[in-house]
Amino acid sequence: MFKDIIFGNKNEANTAEMIPLAAGIEKLSVDDFDLPEELQLLTLRNTVLFPQIVIPIAVGRKKSLKLIKEAHKKDILIGIISQKDEKTEDPKFNDIYKIGTLARVIKLFDMPDGEKTAVLQGITRFKITEELSVKPYLKVKYNIIPTNETSDRKKFEAQLLSVKELSVKIIHLSSNLPKEAAFAINNIDSPEFLINFVSSNTDVRAKEKQKLLENNDLSGRAALLLKYLSEEVQKLELKDNIQNKAKTEMSQQQKEYFLHQQMKAIQDELGLESPKVEIEELEKKAKKKKWNTDAEEAFKKQINRLKQINPMAPDYSYQLIYAQTLVDLPWNEYTKDNFDLKRAKKILDDDHYGLDNVKDRILEHLAVLKLKGDLKAPILCLYGPPGVGKTSLGKSVAHALERKYARMSLGGLHDEAEIRGHRKTYIGAMPGRIIQNLKKVKSSNPVFILDEIDKIGNDFRGDPSSALLEVLDPEQNNTFYDNYLELEFDLSKILFIATANSLNTINSALRDRMELIEVSGYIVEEKNEIAKRHLIPRQLKEHGLKVSQLKFSKEAIEKIITDYTGESGVRNLEKKIAEVIRKIAKKIALEEDYSKLLKTADIEDYLGIPRYIKGKYEGNEFAGVVTGLAWTQVGGKILFIESSVSKGSGQLNLTGNLGQVMKESAVIAFEYMKAHAEDFKIKDSIFKNYNVHIHVPEGAIPKDGPSAGITMVTSMASVLTQRKIKNRLAMTGEMTLRGKVLPVGGIKEKILAAKRADIKELILPKDNEKDIKEINDLYLKGLKFHFAETITEVLDIALLKQKVNNPVRFKTK
């Protein structure tokens, strides 16, 4: 209320700046004016003019301006009447009230913004009795409406006093009204002018003001005005109470809110993105998503929550990130597989040499998918030594299928939340790495590499390998539940390929869910081909050399393989090739002469003396030295078992950093020899008067496992009989106390180790014969196999009749 005195309101015949004024006139008589017989009407949109009140209006309608100019120029009275609906642009008789106020135009002038402003003064009320015309202005016949005097003076005076008190109270409660307005109210003596003045300034709608104007009884008008004033006072008091309470309870967070609001205003000025724009962008993205029902419902709920949260609240950013994660995930978005099997086979063959088992399994899956149209993706596990191409094979599979590629390293992973995600209640929560990778590749059916699955750890934070049980189970992973999303996500179309160096450390339940495919090491011929096809061209490109600038002879590559690397894979081979090429690149940069075709003799010039001297066969000149075969995480290798005898009391001594199982194998071998001494023409007294010492070289390296059993018994038999071991012979196999030979694992790796060491014959357990049949003939070329069921057979093959030079002479009592 009374804000119009200072600031004004938008109203008018179109829109008006209303500033009701007393203008120093408290009582005007209709007799002071010449009343027109026919009255021209000026309609106001959103206010009402009361008798004796002066208001300025901004004139916008052309015909309203024309009427005001004419009335001002001729000094004639016009009728001011209010519209029923302020939106009506060209009101007719049905659009206006029947009662209005006669008024004169005091002044007409231009405002600085170019608008025309007229100052009107109300004279008296009138009522339309007859509608005459609508053009050029609304024209009517009318009657003057007199105001009835009240008979109950005391009641009326009390009403006037209440009007003044409530008006003054409103002025004091309103912070934007000058306190001088209260002085003006208290100094109005005319009852009618007071009621009209306060009615004009009351903060009520034009509809309520029209009711006040139409009330003929001054006391009734005062009563209705008091009702409106009382409501206004109640609103202002409530507002004041709320503001006072808010002011006293304002916390640091609220202060920060106001500061953030200022920052927001600055950001808007700088053109930075506002929270509203962020939400709109999310909604736009969401329209293009192929949501399932639960995900769509969760997203909509999240957006509604974001709209209600203060953007400066700490929780807002967490909720926004969650909504962004939902909309960025590839819900039901799949890449189309390429079913051209010949093309897929060519890509796999071009990218990787060998690995036929893996390639065949991928092509089988693609073939069934082509025929059936839908198939749960297999869960493959490639296991084998490092550097054989397990991880890089995943990229080739993705390329062959034309799928997206994702990789997740599991080495050293301890926290289950890395798989399942963190709950949103935690600060910094995020989805698990499975979901994060799907979000990154924007596809729900990528080729997904789970690298180093055998190196997962577990501690107080949970067991990640147990969390993977759901991921890698085709019967469950179509409803994989991520703790952060709190929704189910379908992983069943993903082609998971796990890689491992050893199966021993993989959870048995997890191992059972995967299709195990062994990826064994390469022989020299295979490494030579890999170097020529892949490693050398790649390193030449990385070092800025052209193919025409440098070539490796087959012999040079083979020398690098045999003399400078000792691995099952090709990782170190690539490093050595890179080392050679770097040195060549240096010579080219210095413009020095070099040989464009590298031969065997050139390799030592670039790589120095051969570094790899392990794994070479050491001959059969000494009794008790037998070549065994071992499996390690980096592939197969040869292992020497040495036995010697010395005078003593029949003790067995073991050295070489042996594990418990290997020590037990040595004890079994020793006891077997004692039990069957007569079969080998060994005197019993030797076991009483001589100690047997078994040593496995490279004592710094821990060694364990049962596969050295037959090697140890052969070593003991050789030293106790002083018979030579067959030349270039190696063996592997577990033995029992009864002399049976049991099968062992890692046969392919052991065969490769034997070939690298130039071994010609192998003794294997009879039960391992089936494993040989599954190995490519290329690996078996140049090797002769003996399959034994008993220790007797092993010793018959391994021990020559010929004794070593300078045999030990056992002295017995």
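Toward the positive end of the charge dipole of the chain, with +1 on the Cβ of Lys and Arg and -1 on the Cβ of Asp and Glu, the farthest Cα among 508, 578, 428 is that of 578.
Where both bridge residues fall in the chain, DSSP classifies roughly 60% of the beta bridges as antiparallel.
Taking the highest mean first, how do the peptides 431-438, 773-780, 658-665 order by number of other beta carbon atoms within 10 angstrom per residue?
On the way: 431-438: 21.9, 773-780: 12.1, 658-665: 16.4.
Highest-to-lowest ranking by the protection proxy: 431-438, 658-665, 773-780.
Rolling a 1.4 Å probe across the protein heavy atoms gives the stretch 549-619 an accessible surface of 57 Å² per residue. Using C-alpha pairs under 8 Å with a sequence gap of at least 6, the mean separation divided by the residue count of the chain gives a relative contact order of 7 percent. Taking Cβ atoms as reference points and 15 Å as the exclusive limit, the residues near residue 785 contribute a net charge of +3, counting Lys and Arg as +1 and Asp and Glu as -1. Rounded to the nearest 20 debye, the dipole size of the stretch 539-631 about its Cα centre is 380 debye, using +1 on the Cβ of Lys and Arg and -1 on the Cβ of Asp and Glu.
Since only 491, 622, 644 are under comparison, the one whose Cα sits farthest along the positive direction of the charge dipole of the chain, derived from C-beta charges on Lys, Arg, Asp and Glu, is 622.
Just to confirm a number: summing +1 for Lys and Arg and -1 for Asp and Glu over residues other than residue 99 whose beta-carbon lies under 12 angstrom from that of residue 99, what do you get?
Values: positive: 98, 125, 127, 209, 211; negative: 214.
Here the charged neighbours net out to +4.
Think of the stretch 635-764 as a dipole: +1 on every Lys or Arg Cβ, -1 on every Asp or Glu Cβ, centred on the Cα centre; then among 717, 695, 754, 754 lies furthest on the positive end.
Plugging the Kirkwood radius over Cα pairs into Stokes-Einstein for the stretch 618-753, at a temperature of 37 °C and a viscosity of 0.692 mPa s, what D comes out in µm²/s? Don't skip to the end; give the middle numbers.
On the way: Rh = 14.9 Å.
Reported coefficient: 220 µm²/s.
Dipole magnitude for the chain: computed about the Cα centre from +1 point charges on Lys and Arg Cβ and -1 point charges on Asp and Glu Cβ, it is near 2620 debye. The apolar share of the surface of the stretch 668-813, taken as the fraction of accessible area on carbon and sulfur atoms (1.4 Å probe, ligands and nucleic acids excluded), comes to 48 percent. Of the solvent-accessible surface of the stretch 302-360, computed with a 1.4 Å probe and all protein chains present, 50% belongs to carbon and sulfur. Contact order for the stretch 537-664, expressed relative to its length and based on alpha carbon pairs under 8 Å spaced 6+ residues apart, stands at 23 percent. Each peptide in 283-295, 310-322, 346-358 receives the mean, over its residues, of other Cβ atoms within 10 Å, and ordering these scores from highest gives 346-358, 310-322, 283-295.
Using heavy atoms of the protein chains and a probe of 1.4 Å, the accessible area assigned to residue 545 is about 20 Å². Under 17 Å between alpha carbons, and skipping anything fewer than 8 positions from residue 300 in its own chain: which aspartates and glutamates qualify? Here the aspartates and glutamates satisfying the reach criterion relative to residue 300 are 278, 280, 281, 283, 328, 486, 488.
What accessible area per residue comes out for the stretch 67-136, rounded to a whole number of Å², with a 1.4 Å probe?
With the other protein chains kept in place, the stretch 67-136 gives 53 Å² per residue.
Peptide packing: for 52-61, 335-344, 444-453, the average count of neighbouring Cβ atoms within 10 Å per residue gives the ranking 444-453, 52-61, 335-344, highest mean first. Between the Cα long axis of helix 62-74 and the first principal axis of the chain there is an angle of about 30°, rounded to the nearest 10.
Tell me, what is the percent relative contact order of the stretch 371-458, built from C-alpha pairs under 8 Å that lie six or more residues apart?
Taking the mean separation of contacting Cα pairs over the length of the stretch 371-458, I get 37 percent.
Accessible surface of residue 399, taken over heavy atoms with a 1.4 Å probe and every protein chain present, rounds to 100 Å².
Net charge dipole, the stretch 478-608: roughly 640 debye, given to the nearest 20, about the Cα centre with Cβ charges of +1 for Lys and Arg and -1 for Asp and Glu.
Considering helices alone, the calculated mean residue ellipticity of the chain at 222 nm is -12500 deg cm²/dmol, with DSSP H runs of length four and up weighted by -39500 (n - 2.57) and normalised per residue.
Pairs from the table (84/139; 404/748; 395/541; 559/770; 342/376; 370/781) lying more than 28 angstrom apart at Cα are 404/748; 559/770; 370/781.
The values are calculated or read from the model by the stated rules, or taken from the named source; none is laboratory data. Here the structure is a predicted model, which means the values were calculated and not measured. Heads up, the Cβs are rebuilt from the backbone with ideal geometry, glycines too, and the neighbour counts pull from every protein chain shown. Surface areas here come from the heavy atoms of the whole protein model, side chains and all, with no ligands, DNA or RNA. Shrake-Rupley method; radii C 1.70, N 1.55, O 1.52, S 1.80 Å.
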